[in-house]
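Student: I'd like to ask you about the structure that follows.
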Amino acid sequence: MAKSFLIDTTLCTGCRGCQVACKQWHNLPADPTVNMGSYQNPQDLSFTTYKLVRMQEHVTEDGLKWLFFPEQCRHCIDAPCEATAGEPTAVFTNPRTGAVLYTAITKDLPAEEIIESCPYNIPRMAPDGTLAKCDMCQDRVDNGMLPACVKTCPTGAMSFGEREEIVEMANSHLMMARKKFKNANLIDVDTIRVIYLVGFKPELYHGFAMASNAEIGITRHMALQRMFRPFKRAGAQLMRG
Amino acid sequence: MTNHWIDIQNSDCILIMGSNAAENHPVSFKYVAKAQQNGATLISVDPRFTRTSSKADIYAALRSGTDIAFLGGMIKYILDNNLYSKEYVADYTNAPFLVNKGFKFRNGVFSGYDSKKRKYDKKAWAFQMDKNGVPKMDRSLKNRQTVFQQMKKHFNRYNTKTVSKITGTPEASLREIYATYAATGKTGMAGTIMYAMGWTQHTTGVQNIRTMAMIQLLLGNMGVAGGGVNALRGESNVQGSTDHCLLWHIWPGYLKTPRASNVSLAAYNEKWTPKSNDPQSANWWQNYPKYSVSMLKSFFGDTGTPVNDFGYDWLPKVDDGKAYSWLDLFDEMYKGTFKGFFAWGQNPTCSGSNAGKVREGMKNLDWLVNVNLFDNETGSFWKGPGMSPSSIKTEVFMLPAAVAVEKEGSITNSGRWMQWRYQGPKPLGNSRPDGDIIMELGLKIKEVYEDGGAFPEPIRSLKWDYLTDGMYDPHKVAKEINGYFLEDVTVKGKNFKKGTLVPSFAFLKDDGSTSSGNWLYCNSYTEKGNMSARRSQQDAPNNIGLYPQFAWCWPVNRRIIYNRASVDPKGQPWDSKNWVIRWNGSKWEGDVPDGGWPPLLMADGKPNPKSKHPYYHAQARSWSDFRPRPCRRAVSGALRAPRMPGGKELPQRETDQSGGADLRY
């Protein structure tokens, strides 16, 4: 069943400890930023930013709401990016953890198509065409440690573990959250490994918080990719010979 | 904090005002979130809607600086609606005390005001005393002269309409917050306040916090789990540096800095030791001379004797009525009054108000030593905007300091926990720990004064023996802070050997037979070992998150101060679930009781003459962060060419010369 995350946004204070921990563990440089009138910083994910706390302000009947959404790759159980890439040396799923991983070989693939295929708009491209995103801290997880972001979260908003335990935890957090947030819900819980608990409608947090219906179904392009996948794999193996 | 971080989880209502805890104290929200999951209400009052506000169940804005009006309205609400904790207020506070009839309040001014001197003569404000010199009381709180009735009268003006006009907060919001918070006045309920520099840094900082303290007393929230008045300190060791007298007006352990009018040790002790004629008053500060003499013994060792007042005359005195705080110091620097300045772990050219004046002041110095991790605006002030380096005579020295993880020692967190830290990586390059720098600086100054100089006695007499194998030893300093028996003595029926560590401040003496660098920390490093290095994760029997064997907490490992007020007069907890201490018929269980004497009433309801009142006024002191402080970093640095007093070179501490390439995790 591999691993999963629970990100309970009702407990997130937007401290961005996860964002910093991610940068530190992956030894990634800071992205130059400018003040855009929001605490969200930087403005978007990038080739060197895998984790970003998105912040949205909404005036509701119940007053001002400031919503935090610590975004990262969802590690889809059946990842469209992997299907689109169709190249297991570039994009593959680690069977032990369920992590969807990108390698340097992504440079040789059509990056735009892969990015397009992601229902959550996650992968980002380097100038040379290489793709990068959250890797579930594979090196840490393989050594029995928590992902850096989860380890650093001070409020208990982030959890990580065996999928069945996390799904169970998500349901119990949801019961708790519904006492205060009547619209609380889990996002795409059956199809992804990073389960978000939101107190309000997902679209209030971020345009790509939830996969849209159009995107969640398999597109014709992806279906074709899937059909050809075994051949491409065989071809790649032959090439490596 | 009167309580501590974990204890926030025990609260039923958390008021965060004058603080943006979610952003500035992220870990506190672990416990705030737990409390909320257990049904607690979180209230955020702030001029700005912050990340703290985003998590709050109730948010209200107020005009900056109107906190006293806001809280005054709450006092009126509590009193008008009889929401105060009656038994608690009558038995455990000075509400029943009778105030002299001369005390008046008219047109915004109290009686005894001298408009020419702009000062109050407070004589008329005193309590009425009986023939034995004990304050007169009316525990029914009905007498018009009681503190309670006077308070009622005083706060009568604070109706929600007036408060709303001053604060800008809508009346409905005021009423909602007052009702929600005042509900914690019910027996068994607890409300807590988390505040920080949003309160302390106002000119009315002290009054903000005192007003809240009154609310906490009225609601019976002091001493209980999930209650208290909790100052969130801005850096991991601000509490420690305050305890050890970072501020000019105190000596270690909140003893007073002597005034010029305190002409001898006897006069000093007489002036600052409070007296009580009430046989049931704890009056803990009656022990003041034991703490002051033990501190002097710690400073001057064998050279401090009863004949020379243990070296009292060697210590600087401040002029009566004169302040020596941050702004005053830079004022004097600006005027050119002094010539040298150690900027230690601070950056005043950025963090001081009127930075331009600070920089101008630094031009008047002969020398400036900047002890810091990095070069900064202070060390490089001479090349700052508008400066002409060729015309500035100030010689600047940079001493690179080791960061916190590169050195061994203790820090004390907001919850008063002294926690020992071990050295991780070695200091980079030629940077060195603070302790090394201060130790060596002291030795060098002593060496210079061997040949004379102005007023050399204090320097020559200073006990400065914290080296082990020629290196600064933080354990020796920690032991000195705890204190030693300096002779074989018998205290309270127990025999102690010369040279052993004092087990707690109850055993300190005022005759020079004990030392203690800071009486509040006596009990932190004993013959049983370094208490602050303990790491047991076992909770106390009351299971409220005290973890008494994890680190060490002042005073005497008491995790919740004033906890004697968490029980009724028979010693049974107001809150039977989240109890802090309880009397089992022969002794106290749970936390270390704030005063070990038996409960006020015996099981049959008769007064116990052996008991003492758990009054606050008897020992109220600045436990919490009542004053603004200029700087709160405590870091370290290095000097070159260390030498022993005889001119011998000190061995160099081993450092990491790799350039710190691999310091991650």
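Here, each number is a calculation from the coordinates, and none is a lab measurement. Only a predicted model underlies this, so the values are computations on that prediction, with no experimental measurement involved. Note that each Cβ is placed from the backbone with ideal geometry, even for glycine, and that neighbours are counted across all protein chains shown.
Student: If R0 is 45 Å, what FRET efficiency do you get for A:THR103 and B:VAL27 from their C-beta distance, rounded to 0.05?
Tutor: FRET efficiency, A:THR103 to B:VAL27: 0.75.
Student: Where does the charge balance sit around B:PHE299 when Lys and Arg score +1, Asp and Glu -1, over other residues with C-beta under 13 Å from its C-beta? Could you put the intermediate results ahead of the total?
Tutor: Details: positive: B:LYS297, B:ARG460, B:LYS463; negative: B:ASP302, B:ASP309, B:ASP313, B:GLU457, B:ASP465, B:GLU480.
Spelling it out: positives minus negatives among the neighbours equals -3.
Student: Here is a further query. When DSSP beta bridges are limited to those with both residues in the protein assembly as shown, what percentage is antiparallel, rounded to the nearest 5?
Tutor: On the way: 56 of 90 bridges.
Among the beta bridges of the protein assembly as shown, antiparallel pairing accounts for roughly 60 percent.
Student: How much of the DSSP beta bridge set in chain A is antiparallel, as a percent to the nearest 5?
Tutor: Values: 24 of 28 bridges.
Taking every DSSP beta bridge within chain A, about 85 percent pair in antiparallel fashion.
Student: Contact order normalised by length for chain B, with contacts defined as Cα pairs under 8 Å and 6 or more residues apart; what percent is it? Mind dumping the intermediate values first?
Tutor: Numbers: 1329 pairs, mean separation 106.7, N = 665.
Dividing the mean separation by the residue count of chain B yields 16 percent.
Student: Of the listed peptides B:28-34, A:31-37, what is their order by residue-averaged count of other C-beta atoms within 10 Å, with the highest listed first?
Tutor: On the way: B:28-34: 23.6, A:31-37: 8.7.
Descending mean neighbour count gives B:28-34, A:31-37.
Student: Take every residue in peptide A:11-20, count the Cβ atoms of other chains within 10 Å of its Cβ, and give the average of those counts.
Tutor: On the way: counts 8, 6, 14, 7, 8, 2, 2, 0, 0, 0.
Taking the mean over all residues of the peptide, I get 5.
Student: Scan chain B and hand back the longest stretch that contains none of the GluC sites (Glu not before Pro) lying in DSSP loops with at most 11 other Cβ atoms within 10 Å.
Tutor: Details: sites that count: B:GLU527, B:GLU654.
Longest gap between qualifying sites, sites excluded: B:1-526.
Student: Please find, in a Gaussian network model of chain A (springs between Cα atoms separated by less than 10 Å), the residue of A:PHE181, A:PHE68, A:PHE160 whose mean-square fluctuation is greatest.
Tutor: A:PHE181
Student: Could you pull out every residue, at least 5 positions away or on a different chain, whose amide H is within less than 5 Å of the one on B:THR41? Hs are placed 1.01 Å off N in the peptide plane, and Pro or chain starts have none.
Tutor: B:CYS13, B:ILE14
Student: Could you tell me the center-to-center distance, by alpha carbons, between region A:173-193 and region B:8-86 in angstrom?
Tutor: 27
Student: Also, quick follow-up: For chain A, calculate the relative contact order in percent as a whole number, restricting contacts to Cα pairs under 8 Å that are 6 or more residues apart. If you can, show how the numbers build up before the last one.
Tutor: Working: 417 pairs, mean separation 68.2, N = 241.
Normalised by residue count, the contact order of chain A is 28 percent.
Student: Give, rounded to the nearest 20 debye, the magnitude of the charge dipole that the protein assembly as shown has about its Cα centre when Lys and Arg contribute +1 at Cβ and Asp and Glu contribute -1 at Cβ. Display every interim value, and only then the final one.
Tutor: On the way: 111 positive and 88 negative charges, 597 e Å.
Dipole magnitude for the protein assembly as shown comes out near 2860 debye.
Student: Counting only pairs 8 or more places apart or on different chains, how many lysine pairs in region B:339-435 have C-alpha atoms closer than 12 Å?
Tutor: Values: B:LYS339/B:LYS363; B:LYS339/B:LYS393; B:LYS363/B:LYS383; B:LYS363/B:LYS393; B:LYS407/B:LYS426.
The number of close lysine pairs in region B:339-435 is 5.
Student: Show me, for region B:143-156, the HN-Hα J-couplings you get by feeding each phi into the Karplus relation (A = 6.51, B = -1.76, C = 1.60, θ = phi - 60°), rounded to Hz, glycine and proline as x.
Tutor: Running phi through 6.51 cos²θ - 1.76 cosθ + 1.60 with θ = phi - 60° gives 3, 4, 8, 5, 3, 4, 5, 5, 5, 4, 5, 4, 8, 4 Hz.
Student: Tell me, rounded to the nearest percent, the portion of alpha carbon pairs in region B:151-263 spaced more than 22 Å apart.
Tutor: Details: 3214 of 6328 pairs.
Here the long-distance tail beyond 22 Å is 51 percent of all Cα pairs in region B:151-263.
Student: Quick one: go through region B:312-355 and flag any residue whose amide nitrogen is under 19 Å from the point 7 Å out along the Cα-to-Cβ line of A:ASN41.
Tutor: The answer is B:350-351, whose backbone nitrogens lie closer than 19 Å to the label point.
Student: At 0.36 nm per residue, and after removing the present C-alpha to C-alpha distance, how many nm does the segment from B:VAL263 to B:GLU360 gain when stretched out fully? Walk me through the numbers before you get to the answer.
Tutor: Working: separation 97, 0.36 × 97 = 34.92 nm, distance 3.68 nm.
This chain segment gains 31.2 nm when fully extended.
Student: Still on this structure, I have one more. Taking only the alpha carbons of the protein assembly as shown, what extent do you get along each of the three principal axes, in Å, biggest first?
Tutor: Extents along the principal axes: 102, 73, 58 Å.
Student: Which listed residue (A:VAL20, A:VAL189, A:HIS173) has the Cα farthest towards the positive end of the charge dipole for chain A, taking +1 on Lys and Arg C-beta and -1 on Asp and Glu C-beta about the Cα centre?
Tutor: Farthest towards the positive end: A:HIS173.
Student: Shifting gears a bit: Sequence gap at least 6, Cα distance under 8 Å: using those rules, report the relative contact order of region A:1-119 to the nearest whole percent. Show your work: numbers first, answer last.
Tutor: Numbers: 137 pairs, mean separation 25.4, N = 119.
Once normalised by length, the contact order is 21 percent.
Student: So what are chain A's ellipsoid semi-axes, whole angstrom, largest first, if each one is the square root of 5 times an eigenvalue of the alpha-carbon gyration tensor? Walk me through the intermediate numbers first.
Tutor: Working: eigenvalues 183, 78, 66 Å².
Largest first, chain A gives 30, 20, 18 Å.
Student: May I pose another question? Mind jotting down the distance between the C-alpha centroids of region B:217-256 and region B:464-527, whole Å?
Tutor: Result: 24 Å between the Cα centres.
Student: Considering only the other residues whose Cβ falls under 13 Å of the Cβ of A:CYS153, what net charge follows from Lys and Arg at +1 and Asp and Glu at -1? Walk me through the numbers on the way to the answer.
Tutor: Values: positive: A:ARG16, A:LYS51, A:LYS151, B:LYS30; negative: A:ASP8.
In short, +3.
Student: If amide hydrogens are placed 1.01 Å from N in the peptide plane, which non-local residues have theirs closer than 5 Å to the one on A:GLU71?
Tutor: HN-HN under 5 Å from A:GLU71: A:LEU52, A:VAL53, A:ARG54.
Student: Could you go through region B:416-422 in sequence order and give the Karplus-derived ³J(HN,Hα) for each residue, using 6.51 cos²θ - 1.76 cosθ + 1.60 with θ = phi - 60°, rounded to whole Hz, and x for Gly and Pro?
Tutor: 6, 7, 8, 10, 7, 10, 8
Student: Would you mind estimating how fast chain B diffuses translationally, via Stokes-Einstein at 25 °C and 0.890 mPa s with the Kirkwood radius over Cα pairs, in µm²/s? Can you show the working numbers first?
Tutor: Working: Rh = 27.1 Å.
Taking Rh from Cα pairs, D becomes 90 µm²/s.
Student: Sketch the reach of a paramagnetic label on A:ASN183 as a point 7 Å from Cα along Cα-to-Cβ, and name the residues of region A:37-69 whose backbone nitrogen lies under 18 Å away.
Tutor: Under 18 Å, as judged by backbone N against the label point of A:ASN183, lie A:55-69 of region A:37-69.
Student: Then there's this: Sort B:311-324, B:237-250, B:116-129 for me by packing, meaning the mean count of neighbouring Cβ atoms within 10 Å per residue, highest on top. List each step's numbers first, then the result.
Tutor: Values: B:311-324: 14.0, B:237-250: 19.5, B:116-129: 11.9.
Top of the packing list down: B:237-250, B:311-324, B:116-129.
Student: Where does chain B land at 222 nm, in deg cm²/dmol rounded to the nearest 500, when only DSSP H runs of n ≥ 4 count, each adding -39500 (n - 2.57), divided by all residues?
Tutor: Details: 19 runs with 164 residues, N = 665.
Taken over chain B, the calculation gives -7000 deg cm²/dmol.
Student: What spacing in nm lies between the two simple spin-label points modelled at B:LYS142 and A:ASP142, each 7 Å away from Cα in the Cβ direction?
Tutor: 8.1
Student: Tell me the net charge near B:VAL163. Cut-off is 12 Å between Cβ atoms, B:VAL163 excluded, with +1 for each Lys or Arg and -1 for each Asp or Glu. It would help to have the intermediate numbers written out before the result.
Tutor: On the way: positive: B:ARG63, B:LYS76, B:ARG157, B:LYS161, B:LYS165, B:ARG175; negative: B:ASP67, B:GLU171.
Summing Lys and Arg as +1 and Asp and Glu as -1 gives +4.
Student: Antiparallel as a % of all DSSP beta bridges within chain B, to the nearest 5?
Tutor: Numbers: 32 of 62 bridges.
Expressed as a percentage, antiparallel bridges in chain B total about 50.
Student: Give a residue-ordered list of calculated ³J(HN,Hα) values for region A:17-28 (Karplus: 6.51 cos²θ - 1.76 cosθ + 1.60, θ = phi - 60°; whole Hz; x for Gly, Pro).
Tutor: x, 5, 4, 5, 4, 4, 4, 5, 5, 8, 6, 9
Student: Per residue of B:34-43, count partner chain C-beta atoms within 10 Å of its C-beta, then hand back the mean as an integer.
Tutor: Working: counts 3, 0, 4, 8, 0, 1, 0, 0, 0, 0.
Per-residue shielding by partner chains comes out at 2.
Student: Based on the alpha-carbon gyration tensor of region B:103-171 and its eigenvalue square roots a ≥ b ≥ c, which shape applies: rounded if a/c is under 1.5, prolate if not and a/b is larger than b/c, or oblate? Mind dumping the intermediate values first?
Tutor: Working: a/c = 3.95, a/b = 1.40, b/c = 2.82.
Cα axes put region B:103-171 in the oblate bin.
Student: Which one, A:THR152, A:PRO29, A:PRO202, projects farthest toward the positive side of the charge dipole computed for chain A from Cβ point charges (K/R +1, D/E -1)?
Tutor: Of the options given, the answer is A:THR152.
Student: First check a/c for region B:224-370, with a ≥ b ≥ c the square roots of the eigenvalues of its C-alpha gyration tensor; if it is under 1.5, answer rounded, and if not, answer prolate when a/b is larger than b/c or oblate otherwise. Working shown, then result.
Tutor: Working: a/c = 2.26, a/b = 1.43, b/c = 1.58.
Oblate shape, in that a/c is at least 1.5 and b/c is the bigger or equal ratio.
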